[in-house]
Number of protein chains: 2
Amino acid sequence: MLHSTRTRRAAVLVPILALIPVATGLVPDRGAQPPEPANRDASEVAARIVTASLLDGQAYDHLASLVAAAPHRLSGSPGAAAAVEWARKRMTKIGFDEVRLEPCTVPHWERGEVQSVRLTAPASVTGVELRCLALGGSVPSPEGGIEAEVIAISSWDELAQRSADVAGKIVYFNRPFDLALRSTFEGYGGAVDQRSRGAVEAAKAGAVGVVIRSVASAIDDFPHTGGTNYQDGVTRIPAAAISTLAAERLDALVARGPVRLNLELDCRWHGDAPSFNVVGDLLGTESPEEIVVVGAHLDGWDVGHGAHDDGSGCAHALEVVRLLLDLDLRPRRTVRVVLFMNEENGLAGARAYARDHADELDRHVFAIESDRGGFTPRGFSTNAGDEALAVLRELAAPLDEIDAGSVDPGGTGADISQMAASGVPLAGFLPDGARYFAYHHTENDTLDKVSERELRLGAAAIAVLVHAVADREQPLPRNR
Amino acid sequence: MLHSTRTRRAAVLVPILALIPVATGLVPDRGAQPPEPANRDASEVAARIVTASLLDGQAYDHLASLVAAAPHRLSGSPGAAAAVEWARKRMTKIGFDEVRLEPCTVPHWERGEVQSVRLTAPASVTGVELRCLALGGSVPSPEGGIEAEVIAISSWDELAQRSADVAGKIVYFNRPFDLALRSTFEGYGGAVDQRSRGAVEAAKAGAVGVVIRSVASAIDDFPHTGGTNYQDGVTRIPAAAISTLAAERLDALVARGPVRLNLELDCRWHGDAPSFNVVGDLLGTESPEEIVVVGAHLDGWDVGHGAHDDGSGCAHALEVVRLLLDLDLRPRRTVRVVLFMNEENGLAGARAYARDHADELDRHVFAIESDRGGFTPRGFSTNAGDEALAVLRELAAPLDEIDAGSVDPGGTGADISQMAASGVPLAGFLPDGARYFAYHHTENDTLDKVSERELRLGAAAIAVLVHAVADREQPLPRNR
C-alpha cells in the first residue's frame with residue numbers, strides 16, 4: 001500500500017518544475033510555482049486556492065457531469081454502477097496518481113411503480129390522494145393496499161400510552177421538524193427518528209402500516225423519502241412519507257374525527273448486490289503513507305438527482321484534488337478521495353473501507369466528509385479532541401476571509417464515522433443550512449438548485465483545510 | 001407631521017394589554033407580554049424575534065402576494081400602480097398605525113416588443129441571434145435596426161486610445177464581472193460602469209450603438225438589463241445587454257476577425273408619470289416624533305418578477321413591523337417603512353422623500369435599506385461614524401446566534417442615501433451574496449429562487465436591529 005514507484009515520481013516533480021520560468025504579465029502565475037511547503041504562507045495559499053476556484057473552478061462541471069451520467073444512484077441499481085464508472089473515469093481525467101474500485105456488498109431495494117396514500121374516510125375526502133414516497137427499504141403492501149383507520153402519534157411516549165389503540169391501524173407519525181431551531185440539522189435530528197424507527201415501533205404495537213410527515217424544513221407538496229429500518233422478530237409493515245402540506249391536511253382531518261386511508265406500495269427487494277467505493281490518491285511528496293481522507297457518498301436516492309445529496313459532496317472532493325494539482329500544491333501527505341457507496345441505506349461502503357483499511361487507519365491523519373449540500377461554506381464541525389481542535393482552528397483561520405473559517409465540535413459524516421473508533425480526527429464540511437432540508441431526498445434535489453459560485457466556494461474551503469492538514473509538518477494529534 | 005392623536009392611542013395600549021392574563025400551556029405566550037423597554041434583555045428579545053419569524057413568519061407570504069399582484073413593477077407602468085395599491089392594502093392589513101401614499105414623479109419607459117442583437121458577419125455566423133435585453137432607458141433603433149461593425153472595448157482607457165476607430169461602429173463593452181472578488185457587490189461595482197456610462201462614452205466617440213456583456217456573476221444565457229444614462233448634448237444611441245454566454249461567443253468571434261451585427265430595439269419613452277412612495281408608520285410609545293426608517297424599493301424591472309430585487313426587501317420591511325406588532329415589541333420611537341418608487345431608473349421616490357421630509361430629517365435617527373436580495377443574513381454595512389458604528393455593533397451582537405451580527409463600514413442603499421447629507425446614520429442589510437448577481441435584473445428573478453427560511457431569517461435580523469435602535473434610550477449618534 002505504499003505506492004513506492006509513484007511516490008518517487010511525485011517527489012521528482014519538484015526540481016523539474018522549479019526549472020520552468022514563471023510567466024510574467026497579466027495572467028496570474030497559477031501552476032508555475034514550485035511547491036515549497038516549509039515557506040508557504042498559509043493565508044497566501046488559501047487565497048490562491050479560493051481565487052482559482054472562483055475563477056476557473058470545475059466543481060459544478062463535475063456535478064453536472066455526474067447527474068447527467070447517473071441521475072439515480074441508489075445502491076445496487078444500474079445507476080449506481082454507472083456512477084462508479086463515471087467516478088473512476090473522472091478521477092483518471094483529473095490526474096489522480098492511483099484510482100481503485102474497492103468492493104463492497106450493498107442491499108438492492110427498488111421503489112416499484114405504485115406508491116399511494118389515499119383517503120377512504122370521512123366521506124368528504126374519500127378518494128383524495130396525499131402525495132407520498134415509499135420509505136427506502138419498505139416492504140410492499142398487499143396488492144390493492146392496506147385500508148385501515150389512522151392513529152396520529154407525535155412522540156414515543158404517546159405511542160406507549162396509546163399502544164392499546166394501535167392494533168390494526170395505520171400509525172401516522174406527525175411530529176414536525178422544529179423550524180425554530182437555528183440549526184436545520186438539529187431540526188432534522190429531532191424528527192428523523194420517526195422515519196428510521198417508526199415502522200418497528202408501530203409494528204410492535206400491532207400497527208399494519210406507517211405513514212410519516214416528511215422530515216423537511218419546507219411546507220410544500222414534495223414528499224421526502226429516506227431509509228427506514230426493520231428488526232428481526234418484529235413484523236415488517238409498509239411505510240411511506242407524505243408531503244408536509246399533505247401532513248398539515250391530514251392533521252386537520254384527524255383533529256375533527258376518524259380518518260381512514262389506503263396505503264399501497266409495491267416496493268421490491270432484490271437481496272444483496274456487489275458494488276464499489278471509488279478511491280483515488282494524490283500521493284504525498286514526503287509521507288505518502290500518511291493519509292488525509294476527503295469523503296462523500298456516491299450513492300443517492302432514486303428520486304431527484306441527488307444534486308445536493310450528495311452529488312455536491314462528490315464534486316467538492318474531486319475538486320479538492322483538481323485544485324491542488326492545478327496549483328502545484330501537492331502536499332507532504334497523501335490526499336485520498338473516497339466516494340463511498342451505500343451511505344443512504346446501509347453504510348456498506350463505509351464499513352468495507354474501515355475494515356479493508358484497518359491496518360493503515362493508524363496512518364489516517366484526518367478524514368473530512370461533505371454531505372450537507374453544496375451551499376455557501378460557513379465552516380466545519382469536528383469530533384477532534386482539544387489539541388487537534390486547536391490546530392484545526394488555526395489551519396482554518398485563513399478561511400475567515402470568506403467567512404468560512406469556523407471549526408466547532410459537532411457531527412462529522414456517516415461514512416467517515418466508521419473510522420472514529422481508530423482515533424482518526426474527523427470533520428464535516430458545514431455549509432449554510434437554510435435550504436438543504438427543503439430539497440433533501442426529494443424529486444426537487446436537482447442541478448438547478450445548486451449555485452455554481454456556492455459550490456466553488458465550498459470546494460475551495462475544503463481544499464484549504466485539507467491542504468493545510470496534509471501539508472503540516474506534524475500530523476494532526478489523534479483522538480484517544 | 002407629529003401624528004399626535006395616534007401617538008396617544010399607541011401609548012395607551014400598554015396598560016390595557018397588561019391587564020390581559022398570559023396564556024399558559026403549549027402555545028408560546030407571544031403577544032401577551034406588555035412592553036417593558038427598560039428591562040428587556042437584548043438577547044432575549046432577539047431570540048424571540050428570530051423564533052417567531054422562523055416558526056410563523058410571513059415574509060414569504062408578503063412576497064408571494066406582491067409578485068402575484070404586481071409581477072412587473074417598472075416605474076410608470078400599470079404594474080407599478082398595482083404594486084402601490086397592493087402595498088397600501090398590505091400595510092393596512094398588517095396594522096400599521098398610519099399608511100400614506102406620498103407622491104413623486106417618475107420616468108415612464110417601455111421596453112417595447114422588439115429587442116434583437118443579430119450577427120451579420122462573418123458569414124459563418126450570419127443570422128445568429130445573441131440573447132439580449134434593451135438597457136433600461138435606451139432609445140430605440142431605427143426600424144430594421146442598426147447594422148455596423150463591432151469594436152470590442154474593455155476599459156475606458158482602451159476606448160480613449162482607440163477612439164479614432166469607433167466612429168460608425170457598435171461598441172461592445174466586454175469587461176467581465178470579476179468573479180475572483182470575494183464580494184459579488186464589488187464584482188458588480190467593477191463592471192456596472194459599462195452599463196451606466198457606456199452609451200454616453202461610446203457616443204462621444206461617434207459610435208452608433210452599444211452592446212454590453214451582462215453585468216452578472218453567472219455564465220448562462222439570461223441577459224441582465226439595468227439602467228443606462230444619457231447626457232444632454234451627446235447623441236443618444238441604442239444600448240442592449242447580451243447574456244454572458246453570448247458575450248463569450250462574441251469575444252471568441254471578435255478575436256478571430258471583423259464581426260458585424262444588427263441591433264434593433266423599439267423601446268418607447270412616455271415622459272413623466274405620477275407615482276408614489278408607500279409609507280407606513282408604527283408609532284413609537286415614547287418619542288414618536290423620532291423616526292427609524294426601514295426602506296426597500298417597490299419598483300422593479302419589467303423582466304422576471306423582481307422577487308429578489310427588491311420584492312424581498314419589501315417583504316423584509318413589512319415583516320419587521322408585523323413581527324414587532326405580533327410580539328408586542330412596539331419600540332419607543334416610530335418605525336417607518338418606506339417602499340420607495342423608482343430606485344431602478346431615477347431615484348425619484350428617494351429624492352421626493354428626502355425633499356418632502358426635509359424638516360424632520362434631523363429626527364430621523366437611523367435608516368436601513370434591504371436591496372441585496374432575500375438570502376441568508378450575514379450582517380449589515382453602514383456609513384455610520386465611529387461612535388454610531390460601535391453602538392450598532394453592540395445592538396447587532398445578539399444576531400451572532402444566527403451568524404448575522406456583523407456590522408462593517410460599507411455601502412447602504414440607493415434610496416436612503418438621499419438622507420446621508422442630513423447626517424442620518426444609514427445601514428444596508430447584507431445577506432449572503434453568492435447568488436444575487438445570477439438573478440438580478442433577469443427573467444430568472446422569480447419567487448422559486450427565494451428560500452422561505454432564508455427570507456424569514458433576513459426579516460428577523462433586520463427586525464432585531466431596527467427594534468434595538470428604535471427602542472434604545474438614547475438616539476443613535478448622528479453622522480457629521
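The values are calculated or read from the model by the stated rules, or taken from the named source; none is laboratory data. Small disclaimer: the values here were computed from a predicted structure and weren't measured. Here the Cβ is made from the backbone with ideal geometry for all residues, glycine too, and neighbour counts use every protein chain on show. Remember, those area values only see protein heavy atoms, side chains included, never the ligands or the DNA or RNA. Shrake-Rupley method; radii C 1.70, N 1.55, O 1.52, S 1.80 Å.
Test of understanding: among A:A397, A:A427, which residue is of a type in the set (G, A, S), more than 30 Å from A:R131 (Cα to Cα) and part of a strand (DSSP E or B)?
Result: A:A427 is the single residue among A:A397, A:A427 that is of a type in the set (G, A, S), more than 30 Å from A:R131 (Cα to Cα) and part of a strand (DSSP E or B).
Here are some residues: A:G137, A:G168. Which one is under 24 Å from A:L265 (Cα atoms) and loosely packed, with under 15 Cβ neighbours inside 10 Å?
Sole residue among the options that is under 24 Å from A:L265 (Cα atoms) and loosely packed, with under 15 Cβ neighbours inside 10 Å: A:G168.
Tell me which of these A:A315 doesn't satisfy, since it passes every other one: (1) out of contact with any Pro (no Cβ under 6 Å at 6 or more places or on another chain); (2) more than 14 Å from chain B (Cβ to nearest Cβ); (3) farther than 30 Å from A:T442 by Cβ.
For A:A315, the failing item is (3).
Would you point out the residue of the range A:381-390, among those that are farther than 15 Å from A:V466 by Cβ and either open to solvent by less than 20 Å² (accessible area, probe 1.4 Å) or not hydrophobic (A, V, I, L, M, F, W, C) (or both), that is nearest to the other protein chains (Cβ to nearest Cβ)?
The residue in question is A:S381.
Does A:A46 meet the test of being under 22 Å from A:D445 (Cα atoms) and aliphatic (A, V, I, L, M)?
Judged against the criteria, A:A46 is not a match.
Results for (1) open to solvent by 30 Å² or more (accessible area, probe 1.4 Å); (2) outside the structural domain of A:I237 (by TED's automatic domain parsing); (3) at pLDDT below 95, shown as yes or no for each residue.
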| site | (1), (2), (3) |
| --- | --- |
| A:H62 | no, yes, no |
| A:W86 | no, yes, no |
| A:T92 | yes, yes, no |
| A:S116 | no, no, no |
| A:S141 | no, no, no |
| A:E147 | yes, no, no |
| A:I153 | no, no, no |
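Select from the range B:460-480 the residues that are in contact with a strand residue (DSSP E or B) (Cβ under 9 Å, 6 or more places away or on another chain) and either without any contact (Cβ under 8 Å) to a residue 12 or more places away in the chain or within 14 Å of chain A (Cβ to nearest Cβ) (or both) and list them in ascending order.
B:A460, B:A461
Please go through the range A:410-432 and give me each residue that is open to solvent by 20 Å² or more (accessible area, probe 1.4 Å) and out of contact with any His (no Cβ under 9 Å at 6 or more places or on another chain), ordered by number.
A:G410, A:G411, A:T412, A:S417, A:Q418, A:A420, A:A421, A:L430
Give the residue, chosen from A:R378, A:R393, that is within 14 Å of chain B (Cβ to nearest Cβ) and not small (G, A, S). Show your work before the answer.
Working: A:R393 fails: within 14 Å of chain B (Cβ to nearest Cβ).
So the residue among A:R378, A:R393 that is within 14 Å of chain B (Cβ to nearest Cβ) and not small (G, A, S) is A:R378.
Just wondering, is there one or more residues in the range A:173-185 that are assigned by TED's automatic domain parsing to the domain that holds A:G137, among the aromatic types (F, W, Y) and touching a residue at least 60 places away in the same chain (Cβ under 8 Å)? Outline the logic, then answer.
Of all residues in the range A:173-185, those assigned by TED's automatic domain parsing to the domain that holds A:G137 come to A:173-185.
Filter again for among the aromatic types (F, W, Y), leaving A:173, A:177, A:185.
Filter once more, keeping what is touching a residue at least 60 places away in the same chain (Cβ under 8 Å): A:177, A:185.
Yes, some residue in the range A:173-185 is assigned by TED's automatic domain parsing to the domain that holds A:G137, among the aromatic types (F, W, Y) and touching a residue at least 60 places away in the same chain (Cβ under 8 Å).
Any residue in the range A:67-76 that is over 18 Å from the mean Cα position of the chain (by Cα) and under 29 Å from A:R453 (Cα atoms)?
Yes, that holds for at least one residue.
Would you call A:D403 surrounded by fewer than 19 Cβ atoms within 10 Å (Cβ to Cβ) and within 14 Å of chain B (Cβ to nearest Cβ)?
no
Test of understanding: among A:V294, A:V259, which residue is β-branched (V, I, T) and closer than 30 Å to A:H467 by Cα? Talk me through it step by step, then tell me what you get.
Details: A:V259 fails: closer than 30 Å to A:H467 by Cα.
Result of the check over A:V294, A:V259: A:V294.
Given the residues B:A239, B:A252, which is the only one that is under 28 Å from B:A438 (Cα atoms) and crowded, with 24+ Cβ neighbours inside 10 Å? Quick ask: steps written out before the conclusion?
On the way: B:A252 fails: crowded, with 24+ Cβ neighbours inside 10 Å.
Exactly one of B:A239, B:A252 is under 28 Å from B:A438 (Cα atoms) and crowded, with 24+ Cβ neighbours inside 10 Å, namely B:A239.
Output the number of the condition that B:P398 fails; it satisfies all remaining conditions of (1) surrounded by fewer than 19 Cβ atoms within 10 Å (Cβ to Cβ); (2) more than 30 Å from B:R355 (Cα to Cα).
All conditions are met except number (1).
Mind listing whichever residues of the range A:342-364 are under 16 Å from A:V292 (Cβ atoms), of a type outside the set (D, E), touching a residue at least 60 places away in the same chain (Cβ under 8 Å) and open to solvent by less than 10 Å² (accessible area, probe 1.4 Å)?
Listed by number, the residues that qualify are A:Y353, A:L361, A:H364.
So A:N444 fits all but one of (1) outside any loop (DSSP other than H, G, I, E, B); (2) within 11 Å of chain B (Cβ to nearest Cβ); (3) under 23 Å from A:L298 (Cβ atoms); what number is the exception?
Here A:N444 clears every test but (1).
Tell me, which strands (runs of 3 or more DSSP E) lie completely within the range A:78-178 with 3 or more residues that are under 30 Å from A:V294 (Cα atoms) and charged (D, E, K, R)?
Output list reads A:98-110.
Let me confirm something: among B:L323, B:L339, which residue is closer than 23 Å to B:S381 by Cβ and either within 13 Å of the chain's Cα centre (by Cα) or free of Cβ contacts under 8 Å to residues at least 24 places away in the same chain (or both)?
B:L339
Hey, among A:L283, A:L250, A:L298, which residue is under 23 Å from A:D193 (Cα atoms) and among the hydrophobic types (A, V, I, L, M, F, W, C)?
A:L250
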